[in-house]
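Notes for the one structure printed next.
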Amino acid sequence: MKEEGGSVCFGSVYTRWGRKDCPSNGTELVYTGVTGGGYYDHTGSAVNYVRLPHDPDFIQGDTSGGYATIYGSEYQENKFGHNLVDNDVPCSVCRAITKSSVVMIPGKMICYCAWNREFYGRLAAGFDDAKAASEYVCVDHQAQYIEGGGANHDGKLFQTVGAKCGSLPCPPYYDMAPMSCVFCSK
């Protein structure tokens, strides 16, 4: 892969759960934030952890969050470190600068400095009370549909996601505000 001017550009993106920084071994900090996810006791909660930025963007004019929710995360035991029980979990997204990179950022519509936006949209997940688990995904703001597929057969469902205050800090988040998302590359 080559950038303008012929220089080679690489980078591999990963999450450093429970930390606010990246190692000093040829990485750069993309952003730091709070860990979020589905509520542990909801049978249909999203199955994955997500990295929420400290400075979320919200889609203007949209006031309802939908039927899927995102919560903050907290430690439930001290096996991760001293006096961590019930404390919220930080995270950092790091880029190893020698690999090509793509990252999805929930709660943002604009990429952080020096990153290129591939697309933005709405954060989606399965309905909180569904029996099947799901994952948080970013659905393009100009989503399309399959012709002839308009019958109600259910299946794997997409619901918009609203931010849930509590262990998720409000502000900067707002209770049940719809969550945006962006895919960024570098």
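The overall shape of the range 53-117, judged from the alpha-carbon gyration tensor, is oblate: a/c is not under 1.5, and a/b is no greater than b/c.
Using C-alpha pairs under 8 Å with a sequence gap of at least 6, the mean separation divided by the residue count of the chain gives a relative contact order of 31 percent. Mean-square fluctuations from a GNM of the chain, with a 10 angstrom spring cutoff on Cα atoms, peak among A68, A163, A130 at A130. Within the listed set T63, T15, T27, the Gaussian network model of the chain (springs between alpha-carbon atoms below 10 Å) gives the highest mean-square fluctuation for T63.
Go ahead and run the numbers for FRET between S185 and D21, Cβ-Cβ distance against an R0 of 25 Å, rounding to 0.05.
On the way: r = 23 Å, r/R0 = 0.90.
Plugging the Cβ-Cβ distance into 1/(1 + (r/R0)^6) gives 0.65.
Taken along the Cα-to-beta-carbon direction at a fixed 7 Å, the label points for D55 and Q76 span 3.4 nm.
The residues packed around V30, meaning those with a beta-carbon under 12 Å from its beta-carbon, carry a net charge of +3 if Lys and Arg are +1 and Asp and Glu are -1. Phi-derived couplings, Karplus 6.51 cos²θ - 1.76 cosθ + 1.60 at θ = phi - 60°, listed residue by residue for the range 49-57: 8, 10, 9, 9, x, 6, 10, x, 10 Hz, with x used for Gly and Pro. Volume per residue for the range 35-173 equals 161 cubic angstrom (convex hull of Cα atoms). For E118, E77, the sequence from fewest to most other C-beta atoms within 10 Å is E77, E118. Between N87 and K156, the modelled labels are 3.7 nm apart [label points 7 Å from Cα along Cα→Cβ].
Could you please rank L157, L168, placing first whichever residue has the fewest other Cβ atoms within 10 Å of its Cβ?
Numbers: L157 15, L168 23.
Result, fewest neighbours first: L157, L168.
Paramagnetic label reach from S64 (point 7 Å along Cα→Cβ; backbone nitrogen cut-off under 20 Å): within the range 104-131, residues 122-130.
Since every read-out is calculated from the coordinates, none of them should be taken as a lab result. What you see is a predicted model, and the numbers here were worked out from it, not measured in a lab. As a convention, Cβ positions derive from the backbone with ideal geometry for all residues, glycine included, and neighbour counts pool all protein chains shown.
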